[in-house]
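Let me begin by presenting the structure, written as structure tokens, before commenting on it.
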Amino acid sequence: MPGLTGLEVAARLAAGPRVVFITAHDHYAVDAFDHAACDYLLKPASAERLARTVGRLKTALRAQPGGEADALRALLSQLGVVAAPAPAPLQWIRAAHGRETRLIAIDEVIYFQSNDKYTSVYLQDGESLIRTPMRQLREQLAEAQFWQIHRSIIVAAKFIESTHTDFRGRLMVKLKGRPEQLVVSRNYVDLFRQM
């Protein structure tokens with residue numbers, strides 16, 4: 001490392017960031033743990049060993065007050081990097097409904113579904129259209145309130161009534177206030193493991 005050694009950097013860090021040393025030299029391990037290292041990996045580190053370290057770090061970050069986002073902001077602040085504040089989650093949507101433009105509270109949305117150039121917004125009393133692409137919409141929604149269950153579907157968690165497996169083995173979501181059932185793609189099945 002140019003300028004400072006890893007041990008010197010660790011010594012200068014205030015309490016907070018988790019430090020993992022990855023080196024070819026085992027004789028620095030004791031010094032590393034004196035500087036509150038979370039782990040010490042010897043090169044070449046196997047993928048399995050690295051995965052265990054990352055798992056421990058994620059567990060430690062989730063356990064601390066404020067979680068991963070606050071830990072990252074604190075680290076960036078210590079490094080002198082000013083992070084842009086996270087935008088507030090979307091509260092209202094302007095959507096086309098026939099010849100009208102409606103102002104819809106985000107709390108009323110049951111789910112969003114991508115349809116070509118448009119995104120359909122499903123409510124208890126019907127459907128409206130917006131031009132916002134699914135990827136951009138995903139970034140504007142509160143992650144705890146809206147779950148992506150398919151590449152083209154994002155559902156409001158509070159409107160999920162239940163899940164079941166259909167005759168083809170697909171996980172299906174039954175909604176409150178809507179008759180249709182939605183397919184959960186394999187990439188998103190983990191969201192429902194606790195149900």
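Here are a few things to note about the model shown:
- Residue, surrounded by the fewest Cβ atoms within 10 Å (Cβ to Cβ), within segment 24-57, restricted to residues that are among the hydroxyl-bearing types (Ser, Thr, Tyr) and not in a helix (DSSP H, G or I): Ser46
- Residue match in segment 146-160 (condition: at pLDDT below 85 and surrounded by 11 or more Cβ atoms within 10 Å (Cβ to Cβ)): no
- Where Ile104 falls short, out of the listed (1) within 18 Å of the chain's Cα centre (by Cα); (2) at pLDDT 85 or above; (3) crowded, with 16+ Cβ neighbours inside 10 Å: (1)
- Candidates Gly55, Gly16: the one that is modelled with pLDDT of 75 or more, within 25 Å of the chain's Cα centre (by Cα) and either of a type in the set (Lys, Arg) or not assigned by TED's automatic domain parsing to the domain that holds Glu143 (or both) is Gly55.
- Only a single item in (1) under 15 Å from Leu90 (Cα atoms); (2) in a helix (DSSP H, G or I); (3) aromatic (Phe, Trp, Tyr) is not met by Trp147, and it is number (2).
- Pairing each residue of segment 100-127 that is touching a residue at least 24 places away in the same chain (Cβ under 8 Å) with any residue that is surrounded by 12 or more Cβ atoms within 10 Å (Cβ to Cβ) and acidic (Asp, Glu), provided the two are 6+ apart or on different chains, yields C-beta distances under 8 Å for Val121/Glu127; Gln124/Glu108.
- Filter result for Ile93 (β-branched (Val, Ile, Thr) and touching a strand residue (DSSP E or B) at 6+ places or on another chain (Cβ under 6 Å)): yes
- Of residues in segment 90-101 being closer than 11 Å to Gln140 by Cβ and surrounded by 14 or more Cβ atoms within 10 Å (Cβ to Cβ), the one farthest from the chain's Cα centre (by Cα): Ile93
The values are calculated or read from the model by the stated rules, or taken from the named source; none is laboratory data. These numbers were taken from a predicted model, which means no experiment stands behind them. Please note: Cβ atoms are built from the backbone with ideal geometry, for glycine as well, and neighbour counts cover all protein chains shown.
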